[in-house]
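A short write-up of the structure that comes next.
The values are calculated or read from the model by the stated rules, or taken from the named source; none is laboratory data. Keep in mind it's a predicted model, so treat the numbers as computed, not measured. All Cβ positions, even for glycine, are placed from backbone atoms using ideal geometry, and neighbour counts span all protein chains on display.
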Amino acid sequence: MRLIETMETQGLLESRGAILNLTTEGERWAMHVVRAHRLWERYLTDEARMPLEKVHGESERREHSLTEAQLNDLDAALGHPMRDPHGDPIPTREGTLLKAEGMPLTSWQSEGPARIVHLEDEPALAFEQILAAGLRLGQTIRILDRNSQRILLTDGETEYRLAPAVAANVSVSALPESEIAKASAIPLVELQHDQRGEIVILDDAVQGFTRRRFLDLGLTPGTTIYPELQNFFGDPRAYRVRGTLIALRKDQAAQIWVKPV
């Protein structure tokens, strides 16, 4: 009750009997908090490299700490990402919010492949089971079998078993053209020494500042790239692209899909 009174005093909320409504200012502030939370999640995942299961709680602690100007700076520094690490759309500075993608895995009826477009992080226990199974955003999967006790999936190499209650927190959609192009490609990390590859696409999981950094390095579709120098420890690895030698970690090279040539 005290919280409601405080929000009314601040002009964020108005009550009419038992009905509560956000004011225009309240809606603006709510969108600000959502945007801050999802940008923090993007930063903590991509730049701080925090485990995905921990970014939600940390972002909740930070989401009220940024001014509008600071939030705009963070957005720009990250390359204006469109979605957070779970697949939720990030509001723009103008307050525009993209429509959520996909449908729950439990509602997917097609026998064809689907792309994972959202991983719901609440309840935490279900999210932990999804991550423990090894499922990730942007992954292409196919349903092999389903019954009332479990749903059996495969990505072509590994099989995954999820209880329906957990699978309902995984949203999927039909494959876009970019995913179809990956069918004849391999991750850059799998190229052998001095084997040349032509970049087909950057993985959808590459967003924001990381994606912009890849593009600035010349890692664009149609570009030839190949590993040139060996690293005794294996990571990072040196690649030749557009006449320049660049270093990529294994997890970065795994997000660049190439066609061996």
The stretch 242-261, subset surrounded by 19 or more Cβ atoms within 10 Å (Cβ to Cβ) and touching a strand residue (DSSP E or B) at 6+ places or on another chain (Cβ under 8 Å), residue farthest from THR210 (Cα to Cα): VAL258
Residues of the stretch 106-118 classified as more than 11 Å from GLN139 (Cα to Cα) and in contact (Cβ under 8 Å) with a residue 40 or more places away in the chain, total: 4
All positions within the stretch 186-198 that are touching a residue at least 60 places away in the same chain (Cβ under 8 Å) and either surrounded by fewer than 18 Cβ atoms within 10 Å (Cβ to Cβ) or more than 21 Å from the chain's Cα centre (by Cα) (or both): ILE186, PRO187, LEU191, GLN195, ARG196, GLY197, GLU198
Which listed residue, of THR223, THR244, is out of contact with any Pro (no Cβ under 6 Å at 6 or more places or on another chain), touching a residue at least 24 places away in the same chain (Cβ under 8 Å), of a type in the set (Ser, Thr, Tyr) and over 29 Å from GLY87 (Cα atoms): THR244
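Within the stretch 171-221, count every residue that is out of contact with any His (no Cβ under 8 Å at 6 or more places or on another chain), among the hydroxyl-bearing types (Ser, Thr, Tyr) and under 18 Å from GLN139 (Cβ atoms).
4
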Test: VAL34 is touching a Leu at 6+ places or on another chain (Cβ under 6 Å) and either surrounded by fewer than 18 Cβ atoms within 10 Å (Cβ to Cβ) or not assigned by TED's automatic domain parsing to the domain that holds GLU122 (or both): no
Restricting the stretch 200-220 to residues that are among the aliphatic types (A, V, I, L, M) and without any contact (Cβ under 8 Å) to a residue 60 or more places away in the chain, the residue that is surrounded by the fewest Cβ atoms within 10 Å (Cβ to Cβ): LEU215
Members of the stretch 63-88 found to be crowded, with 18+ Cβ neighbours inside 10 Å and on the phi < 0 side of the Ramachandran plot, listed by number: GLU63, LEU66, LEU71, ASP75, LEU78, PRO81, ARG83, ASP84, PRO85, HIS86, ASP88
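Across the stretch 46-104, what is the total count of residues that are hydroxyl-bearing (Ser, Thr, Tyr) and either touching a Lys or Arg at 6+ places or on another chain (Cβ under 7 Å) or part of a helix (DSSP H, G or I) (or both)?
Initially, the stretch 46-104 is screened for residues hydroxyl-bearing (Ser, Thr, Tyr), giving 59, 65, 67, 92, 96.
Now drop any that are not either touching a Lys or Arg at 6+ places or on another chain (Cβ under 7 Å) or part of a helix (DSSP H, G or I) (or both), which leaves 59.
Count: 1.
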All strands (runs of 3 or more DSSP E) inside the stretch 174-252 with 2 or more residues being in contact with a Gly (Cβ under 7 Å, 6 or more places away or on another chain): 197-202, 224-227
